[in-house]
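What follows is one structure encoded as structure tokens, with my remarks underneath.
Please treat every number below as a calculation from the coordinates, not as lab data. All figures in this text were calculated on a predicted structure; none of them were measured in a lab. Quick reminder, even Gly has a Cβ in these numbers, built from the backbone with ideal geometry, and neighbours come from all protein chains shown.
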Amino acid sequence: MNIWGDLMFRQVSDNIYIKVSNSFDSNIIYINGGEKQILVDAGTGMYPDALNQDLVKIGSSVEAITDIVLTHSHIDHIGGVLPIIEASSPTLHLHKSEGEMINSGDMRLTLSTTFGVEFPPMKIDNLLEEGQNLCIGNVCFKVYSTPGHSIGSICLHMEDQGILITGDTLFPGGSFGRVDFPTGNPQQLVASLKRITEWEFVIALPGHMNAITSNAKRHAESSYEMARSMFRYR
């Protein structure tokens, strides 16, 4: 069954839903991992009541979330962690290159000051690494480091379902994440997009814009070619 109409989460597979943002917020992915309930990215946190209402509609709630996996630490992805922490005690997962900075009290890579937001310190519980198998409940991800948009950007590969969660590295229609924020790097982005074209997946769930529900590798190839042409890297 697919969730359409006025519900904010759309069902992608038996246990995966995506809430596509139409604002500054990132997309938010909900995954039912059995005894664990997971969010991938949390948006800005500007609309916590709406998020809870939308989770309730698919049989969950903010209080039920046990884990939040962050594709990177920009404020539009990590800001929503704060109201969730107030309601529950989720385990936070983030690539170590950004997580270690946050754990030291350095919040610069959240871009909170850039956007005029006061963002308090927090603790990242699990510092992710390239190639790690991250299993939460009955769900497993292969963690890939895909820097370029930011130094700690990751993709999460759910190989058994042919799904790739791409954060702000890969978007639909030949587009990709910007590289003009701190630690953004066009050469690294091109290399990351090239890596993505080498993996096997059918569906891609990006950090912004619509989900790519078929032929996702073709979109990845288009994004790689566009970035390579724009930045003149191979």
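General observations
- Overall Cα dimensions of the stretch 9-231, principal axis frame, Å, largest first: 45, 38, 32
- Residues residue 63 and residue 210, FRET efficiency given R0 of 30 Å [Cβ-Cβ distance, rounded to 0.05]: 0.55
- Its DSSP H runs of at least 4 residues, each contributing -39,500 (n - 2.57), put the calculated 222 nm mean residue ellipticity of the chain at -7000 deg cm²/dmol, to the nearest 500.
- Length gained when the stretch residue 108-residue 135 is fully extended (0.36 nm per residue, less Cα-Cα span): 6.8 nm
- Across the chain: Cys residues that no other cysteine approaches within a C-beta distance under 4.7 Å: 155
- Sequence-distant lysines (8 or more away, or on other chains) whose Cα lies within less than 20 Å of residue 194: 142, 217
- Share, in percent, of DSSP beta bridges within the stretch 9-231 that are antiparallel, nearest 5: 65
- Footprinting exposure proxy for 155, 140 (fewest neighbouring C-beta atoms within 10 Å first): 140, 155
- By the beta-carbon count within 10 Å of each Cβ, the least crowded to most crowded order of 143, 56, fewest first, is 56, 143.
- Taking a ≥ b ≥ c as the square roots of the eigenvalues of the alpha carbon gyration tensor, the stretch 115-179 is oblate, as a/c is not under 1.5 and a/b does not beat b/c.
- Low-density loop positions, GluC sites (Glu not before Pro), the stretch 147-234 - DSSP coil, at most 14 other Cβ in 10 Å: 159, 198, 200
- Relative packing of 25-38, 73-86, 122-135, which averages over residues the other C-beta atoms within 10 Å, highest first: 73-86, 25-38, 122-135
- Applying 1/(1 + (r/R0)^6) with R0 = 25 Å to the Cβ-Cβ distance of residue 125 and residue 160 gives a FRET efficiency near 0.50.
- Simple spin-label estimate for residue 53 and residue 88 in nanometres, 7 Å along Cα-Cβ: 2.0
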